[in-house]
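The values are calculated or read from the model by the stated rules, or taken from the named source; none is laboratory data. Values in this document were obtained by computation on a predicted structure and should not be read as measured data. Glycine also receives a Cβ, built like all others from the backbone with ideal geometry; neighbour counts cover every protein chain displayed.
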Amino acid sequence: MKATLSESKGQVRESFDLVVRYMKQETLAPLKSILKYVGFGVGGAVLVGLGTVLVLLGILRLLQTETGSSFTGDLTWLPYLITLVAGVGIVATSWTLGRKRKTSKL
């Protein structure tokens, strides 16, 4: 008993649909869940970066306005240096904490 042409076309179509559904299930579903976590990570990193910049700007403005005549004349550059050192300290602390977490997972 030979299969008719329409039956074989139906089997080919059904097999193709099965492969397409399997590929979607095994690639798109995990990819969507990974992208969700990556999106939250990128969003969090952007917000932390923006917050850090605003804190450093606040430190600079605080030093420029609330210290009276301490940073006048030839010392007007000192608030910028103090803010730069604070920024480097924040980056170094973040770098160190990030490295500790990566090594502890191994």
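Some points to look at:
For every residue, the table says whether it meets (1) at pLDDT below 90; (2) exposed (fewer than 10 other Cβ atoms within 10 Å of the Cβ); (3) assigned to a helix (DSSP H, G or I); (4) hydroxyl-bearing (Ser, Thr, Tyr).
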{"site": "55", "(1), (2), (3), (4)": "no, no, yes, no"}
{"site": "63", "(1), (2), (3), (4)": "no, no, yes, no"}
{"site": "94", "(1), (2), (3), (4)": "no, no, yes, yes"}
{"site": "101", "(1), (2), (3), (4)": "yes, yes, yes, no"}
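- Test result for residue 40, over 30 Å from residue 98 (Cβ atoms) and either under 30 Å from the mean Cα position of the chain (by Cα) or aromatic (Phe, Trp, Tyr) (or both): no
- In the range 69-92, the residues that are in a loop (DSSP other than H, G, I, E, B) and either hydroxyl-bearing (Ser, Thr, Tyr) or closer than 17 Å to residue 49 by Cβ (or both): 69, 70, 72, 76
- Tallying residues that are surrounded by 10 or more Cβ atoms within 10 Å (Cβ to Cβ), of a type in the set (Lys, Arg) and at pLDDT below 85 within the range 1-23 yields 1.
- Among the candidates 68, 73, 51, residue that is surrounded by 10 or more Cβ atoms within 10 Å (Cβ to Cβ) and of a type in the set (Gly, Ala, Ser): 51
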